Protein chains: 2
Amino acid sequence: MSSSPVLLTDRYELTMVAAALADGTADRDCVFEVFARRLPHGRRYGVLAGTGRLLEALADFRFGDDDLAAVRAQGITDPTLLAWLADVEFTGDVDGYAEGEFYFPGSPVLTVRAPFGQAVLLETLVLSVLNHDSAIASAATRMIGAAGGRPCIEMGSRRTHEEAAVAAARAAWLVGFGSTSNLAAGARYGVPTAGTSAHAFTLLHDDEAAAFRAQVDTLGTGTTLLVDTYDTLQGIRTAIEVAGPELGAVRLDSGDLGSLAVQARELLDSLGAHRTRVTVTSDLDEHAIAALAAAPVDGYGVGTSLVTGSGSPTAGMVYKLVERDGVPVAKTAEGKRSVGGRKSAVRRHDAAGTATAEVVVPGDVARLDGDRDLLVPLVRAGRPVADLDPVAWLRAARDHHEQVRTTMPPEAWSLSRGEPAIDTVDA
Amino acid sequence: MSSSPVLLTDRYELTMVAAALADGTADRDCVFEVFARRLPHGRRYGVLAGTGRLLEALADFRFGDDDLAAVRAQGITDPTLLAWLADVEFTGDVDGYAEGEFYFPGSPVLTVRAPFGQAVLLETLVLSVLNHDSAIASAATRMIGAAGGRPCIEMGSRRTHEEAAVAAARAAWLVGFGSTSNLAAGARYGVPTAGTSAHAFTLLHDDEAAAFRAQVDTLGTGTTLLVDTYDTLQGIRTAIEVAGPELGAVRLDSGDLGSLAVQARELLDSLGAHRTRVTVTSDLDEHAIAALAAAPVDGYGVGTSLVTGSGSPTAGMVYKLVERDGVPVAKTAEGKRSVGGRKSAVRRHDAAGTATAEVVVPGDVARLDGDRDLLVPLVRAGRPVADLDPVAWLRAARDHHEQVRTTMPPEAWSLSRGEPAIDTVDA
């Protein structure tokens with residue numbers, strides 16, 4: 001497996017370059033924009049994620065000898081194209097919304113300006129990264145909202161592609177998850193990792209007490225014991241017998257979590273374990289989390305629904321040519337239309353600082369008080385504008401997200417289906 | 001980024017090993033089974049995919065110095081665990097369903113027998129690979145069934161994580177797709193790649209005819225022209241004017257595909273382009289494909305719904321300890337129960353060779369005439385039983401799938417929600 005990202009690309013990007021090289025259009029100055037036509041499933045907002053990962057991949061986007069051999073082996077043998085691919089390096093400009101920013105239908109979350117050949121070649125990778133990571137971040141943000149300040153752990157690695165899992169853990173932490181189960185996300189992005197034990201660990205032992213004793217001896221009394229292997233309430237009694245009332249937490253991973261949490265809390269309190277937390281982790285999504293708001297739960301572990309975008313596993317963003325040699329262009333046949341011309345974008349706010357509109361305009365915006373520019377320079381003449389250190393980048397994105405979520409109107413946090421929290425307007 | 005797969009692992013696998021090393025249980029002989037408790041969304045079957053990818057990753061599953069440093073950096077510093085990780089190598093046995101095989105609730109699609117520490121360490125990676133790839137293969141098989149012999153192209157890379165895209169292309173080809181847009185899938189797995197041009201290529205040019213001419217000059221008259229940028233029927237006329245009636249195909253990527261296909265076919269025929277194919281590619285899933293069965297369509301391109309598992313983006317398989325030192329074990333508290341003991345599995349068939357039941361039994365099966373063993377040896381004493389060459393492996397899996405799909409009962413091909421096509425029975 002090549003470590004270069006260049007083959008993570010649709011074949012047609014290369015055949016378009018070949019044809020454009022042949023007829024002299026490959027160097028036309030082009031502007032491509034990335035946007036979502038709509039939010040999935042009546043969502044109220046989207047959250048942009050993946051920009052840092054994309055810029056890292058862009059920095060490595062060079063065709064090596066192995067890549068060129070792989071292209072030839074697939075029957076793409078045009079010598080002009082192959083010579084061009086061997087030399088091509090991105091020399092254009094990229095602007096975009098800050099990673100962690102909210103977006104709405106039509107928000108130009110990424111703008112690529114470059115000669116056609118260079119810009120079209122990036123389409124597949126740009127969309128793969130942003131569509132995946134934004135889908136996860138958008139779902140994760142809803143879960144954070146539903147959790148109302150209780151900590152959330154991302155633990156869905158086993159339910160998605162092994163590399164998508166790392167990106168999902170990154171996207172979840174970006175919007176406020178406290179930790180992840182995924183070790184690679186810790187290693188690559190500095191996301192705090194967490195985890196203690198599974199049912200298998202209890203079943204490995206001759207009895208539950210022996211399993212708990214082994215875990216406490218190794219991980220300390222602050223650990224989380226999984227208590228629902230045999231009989232949940234008896235498991236809690238055994239946990240406190242073994243660990244004492246200073247046990248960090250018990251985890252409930254099956255059954256009716258709401259009523260079990262109440263019973264667990266009462267039992268723990270009756271055993272003097274007042275500070276032992278109750279963590280729940282079975283098939284949670286934002287709706288299940290919201291339904292547990294009144295239950296005595298101290299933390300949520302979220303797996304499947306997080307890594308699959310809670311019903312919307314892709315953000316559905318597109319990468320569209322909007323300008324060619326300064327001329328606005330757009331598809332006009334019925335369906336999948338777009339607006340030609342490079343866009344400016346600001347978010348409008350009321351006097352209290354609450355967002356009221358997403359202003360997306362071809363050309364320049366007439367700014368009002370309280371408007372905030374959304375497009376920031378990311379790449380100039382092929383070079384990243386900021387340091388791409390993955391850990392520092394992600395921390396900055398997390399900080400940005402935390403800050404801008406306070407500007408969203410209250411209706412953004414509704415979990416029901418409806419209209420975007422603010423309208424996208426063109427003036 | 002490490003090229004080793006060992007960090008694509010949940011932290012708790014390591015903390016369980018640490019605790020088991022400390023109390024002497026890490027070497028207990030264990031059997032873990034992978035199975036799905038149910039099929040998602042009223043599906044009639046699942047298709048197992050990813051086994052070849054998993055065995056490749058397993059062959060590289062060794063902790064290098066960088067991996068160990070990354071583990072330490074996350075606060076996992078137990079010296080006994082770190083010394084064990086530095087040396088650990090899988091020495092156990094793996095059996096499983098053949099890649100491409102159909103599965104049903106409870107089918108033991110993978111069985112891992114090894115000392116606890118070795119076996120538990122693989123949980124996350126095993127599930128990530130099989131859950132993702134099987135979800136895609138299961139959805140793709142439904143599309144192949146709905147397409148009724150018309151060729152399908154996988155083109156969803158842009159809608160999923162960039163590495164998941166490669167695995168999705170592989171899984172789609174495994175079950176009968178004819179090609180993929182993804183170049184890396186061609187390079188790594190020998191999947192045929194396809195693709196010609198996007199709307200951007202037309203918009204790049206001064207007019208549609210110039211774009212078509214450039215494409216035909218480079219790719220030949222056998223190419224596929226995308227005709228719906230400005231006016232679809234006029235686009236078809238222009239396409240035939242430029243390419244002549246020997247044009248390979250026109251592609252419709254928007255609008256009402258059923259009526260457009262009829263109009264396109266009539267127009268092409270009126271222009272003498274009787275052999276020019278009509279390919280459609282806009283937001284198709286198995287239901288949309290089925291709805292186009294009577295339309296004059298010659299091929300389907302499938303994107304989003306393929307790579308997102310058409311509503312079921314994960315197969316929901318679990319990895320459960322079922323035997324420890326020869327003793328069957330199982331979780332017994334309410335929810336997420338399983339059946340203890342290592343299982344045998346055969347598929348039962350009637351005299352005509354049609355599958356009638358999935359027989360899954362702890363211990364051995366009393367075989368009847370027509371029973372086919374489903375579990376095949378994959379790894380013995382840590383070594384793969386067969387050559388893992390990715391191209392040859394995938395071709396064999398595709399052949400296997402093609403063969404076994406003829407044994408499914410007709411109700412398997414119903415797209416409506418319902419019961420599994422055959423029952424899973426225990427005798």
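The values are calculated or read from the model by the stated rules, or taken from the named source; none is laboratory data. Treat the numbers as computed from the prediction; the structure is a model and nothing was measured. Here the Cβ positions follow ideal geometry from the backbone for every residue, glycine too, while neighbour counts run over all protein chains shown.
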Options A:VAL262, A:VAL318, A:VAL278, A:VAL302: the member that is at pLDDT 95 or above, assigned by TED's automatic domain parsing to the domain that holds A:HIS132 and either farther than 30 Å from A:ALA119 by Cβ or not hydroxyl-bearing (Ser, Thr, Tyr) (or both): A:VAL318
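For the subset of segment B:40-71 comprising residues that are in a helix (DSSP H, G or I) and charged (D, E, K, R), which member is nearest to the chain's Cα centre (by Cα)?
Restricting to residues being in a helix (DSSP H, G or I) and charged (D, E, K, R), the top hit is B:ARG53.
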Subset of segment A:349-395 (residues that are over 21 Å from A:VAL112 (Cβ atoms) and either assigned to a helix (DSSP H, G or I) or within 21 Å of the chain's Cα centre (by Cα) (or both)): A:ASP389, A:PRO390, A:VAL391, A:ALA392, A:LEU394, A:ARG395
Selection status of A:ARG53, within 14 Å of another protein chain (Cβ to nearest Cβ), of a type in the set (D, E, K, R) and surrounded by 14 or more Cβ atoms within 10 Å (Cβ to Cβ): yes
Residue within segment B:210-229 that is farther than 15 Å from B:ALA273 by Cβ, within 11 Å of chain A (Cβ to nearest Cβ), in contact with a Lys or Arg (Cβ under 9 Å, 6 or more places away or on another chain) and not aliphatic (A, V, I, L, M) present: yes
Matching entry among A:LEU203, A:LEU247, A:LEU267 (being at the interface with chain B (Cβ under 10 Å from one of its Cβ atoms) and either without any contact (Cβ under 8 Å) to a residue 40 or more places away in the chain or closer than 25 Å to B:ALA114 by Cβ (or both)): A:LEU203
Candidates B:GLU13, B:GLU33, B:GLU56, B:GLU89 - the one that is among the charged types (D, E, K, R), touching a Phe, Trp or Tyr at 6+ places or on another chain (Cβ under 9 Å) and closer than 28 Å to A:GLU56 by Cβ: B:GLU56
Candidates B:ARG324, B:ARG347, filtered to the one that is buried (at least 17 other Cβ atoms within 10 Å of the Cβ), out of contact with any Gly (no Cβ under 8 Å at 6 or more places or on another chain) and under 30 Å from A:VAL227 (Cβ atoms): B:ARG324
Failed condition for A:ALA198, given (1) more than 7 Å from chain B (Cβ to nearest Cβ); (2) in contact (Cβ under 8 Å) with a residue 12 or more places away in the chain; (3) of a type outside the set (Lys, Arg): (1)
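Which one is farthest from the other protein chains (Cβ to nearest Cβ) among residues in segment B:270-280 that are of a type in the set (S, T, N, Q) and surrounded by 20 or more Cβ atoms within 10 Å (Cβ to Cβ)?
B:THR276
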Breaking point among (1) in a loop (DSSP other than H, G, I, E, B); (2) in contact with a Pro (Cβ under 6 Å, 6 or more places away or on another chain); (3) closer than 30 Å to A:HIS287 by Cβ; (4) not basic (Lys, Arg), for A:PHE35: (1)
Filtered residues of segment A:326-348 (kept if outside any loop (DSSP other than H, G, I, E, B) and under 28 Å from the mean Cα position of the chain (by Cα)): A:LYS343, A:SER344, A:ALA345, A:VAL346, A:ARG347, A:ARG348
Output for segment B:222-243, where each listed residue is assigned to a helix (DSSP H, G or I) and either over 16 Å from A:ALA333 (Cα atoms) or of a type outside the set (Val, Ile, Thr) (or both): B:LEU233, B:GLN234, B:GLY235, B:ARG237, B:ALA239, B:ILE240, B:GLU241, B:VAL242, B:ALA243
Residue list for segment A:152-177, restricted to those being without any contact (Cβ under 8 Å) to a residue 60 or more places away in the chain and surrounded by fewer than 24 Cβ atoms within 10 Å (Cβ to Cβ): A:GLU163
Members of segment A:285-316 that are in a loop (DSSP other than H, G, I, E, B) and either free of Cβ contacts under 8 Å to residues at least 60 places away in the same chain or over 28 Å from the mean Cα position of the chain (by Cα) (or both): A:LEU292, A:ALA294, A:ALA295, A:PRO296
Search result, residues across segment B:328-344 that are surrounded by fewer than 23 Cβ atoms within 10 Å (Cβ to Cβ) and in contact (Cβ under 8 Å) with a residue 12 or more places away in the chain: B:PRO328, B:LYS336, B:SER338, B:VAL339, B:GLY340, B:GLY341, B:ARG342, B:SER344
Segment A:137-151, subset closer than 14 Å to A:GLU402 by Cβ and away from chain B (no Cβ under 14 Å), residue surrounded by the fewest Cβ atoms within 10 Å (Cβ to Cβ): A:GLY149
Positions within segment A:220-243 being in contact with a Ser or Thr (Cβ under 6 Å, 6 or more places away or on another chain) and either of a type in the set (A, V, I, L, M, F, W, C) or farther than 19 Å from B:ALA18 by Cα (or both), in sequence order: A:LEU226, A:ASP228, A:THR229, A:TYR230, A:ALA243
Evaluation of A:GLN118 against (1) in contact with a Cys (Cβ under 7 Å, 6 or more places away or on another chain); (2) without any contact (Cβ under 8 Å) to a residue 40 or more places away in the chain (one fails), failing number: (1)
Number of the condition not met by B:ASP256 [criteria: (1) closer than 13 Å to A:ALA333 by Cβ; (2) touching a residue at least 12 places away in the same chain (Cβ under 8 Å)]: (2)
Complete set of residues in segment A:262-282 that are within 14 Å of A:GLY301 (Cα to Cα) and not in a loop (DSSP other than H, G, I, E, B): A:ARG277, A:VAL278, A:THR279, A:VAL280
Inter-residue pairs, beta-carbon under 8 Å, first not assigned by TED's automatic domain parsing to the domain that holds B:VAL166 and in segment B:37-63, second in a helix (DSSP H, G or I) and charged (D, E, K, R), 6+ apart: B:ARG43/B:ARG142; B:ARG44/B:GLU411; B:ALA49/B:ASP133; B:ALA49/B:ARG170; B:GLY50/B:ASP133; B:ARG53/B:ASP133; B:ARG53/B:ARG170; B:ALA57/A:GLU162
